[in-house]
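Data first, discussion second: the structure below is written as structure tokens.
The values are calculated or read from the model by the stated rules, or taken from the named source; none is laboratory data. Just so you know, these numbers come straight off a predicted model, no measurement behind them. Methodologically, a virtual Cβ is constructed for each residue, glycine included, from the backbone with ideal geometry; neighbour enumeration extends over all protein chains shown.
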Amino acid sequence: MRELKDLWTTMLGTPPADEQFTVWAALHTPKVVHHGILKTAAKDLSLGKTMTLDYKIRFASKVMLVQSERNTSNALNRQRLSEEFEGQVQR
């Protein structure tokens with residue numbers, strides 16, 4: 001968690017409260033949180049570093065939510081394809 005907070009500070013300045021990182025850690029993998037922070041930094045840079053802290057938190061949260069959903073969907077698709085392939089091989 002410390003590394004993610006340090007990344008936020010380096011890329012985006014003042015970090016959110018520790019509680020926000022706790023919520024993100026409970027909902028997402030560290031890799032997804034890392035991805036969300038980097039995407040938020042890119043967005044902030046594209047906007048001339050004008051995002052407020054609240055906007056950064058909301059944007060990062062949305063990126064993380066979408067990525068977690070995408071990861072879950074991809075894992076289910078891989079499992080389904082694997083099961084279909086196994087069924088075809090056994091025939």
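For segment 1-40, give me the residue count where each residue is more than 17 Å from ARG70 (Cα to Cα) and of a type in the set (Phe, Trp, Tyr).
Final tally of qualifying residues: 2.
Can you run down the residue pairs with Cβ atoms below 8 Å, 6 or more apart or on separate chains, where the first is in segment 55-79 and at positive phi and the partner is aliphatic (A, V, I, L, M) and at pLDDT 95 or above?
Every condition considered, no pair remains.
Please enumerate the residues belonging to segment 42-58 that are buried (at least 17 other Cβ atoms within 10 Å of the Cβ) and either among the small types (Gly, Ala, Ser) or assigned to a helix (DSSP H, G or I) (or both).
Listed by number, the residues that qualify are ASP44, LYS56, ILE57.
Which of the residues that make up segment 3-28 are loosely packed, with under 11 Cβ neighbours inside 10 Å, more than 16 Å from the chain's Cα centre (by Cα) and not β-branched (Val, Ile, Thr)?
ALA17, ASP18, GLU19
Under 9 Å by Cβ, and 6 or more places apart or on different chains, what pairs join a residue from segment 34-53 that is at pLDDT 95 or above with one that is exposed (fewer than 11 other Cβ atoms within 10 Å of the Cβ)?
Here the result reads HIS34/GLU3; ASP44/THR50; LEU53/THR14, each pair linking segment 34-53 to a residue that is exposed (fewer than 11 other Cβ atoms within 10 Å of the Cβ).
Looking only at segment 17-33, which residues are free of Cβ contacts under 8 Å to residues at least 40 places away in the same chain and assigned to a helix (DSSP H, G or I)?
ASP18, GLU19, GLN20, PHE21, THR22, VAL23, ALA25, ALA26, PRO30, LYS31, VAL32, VAL33
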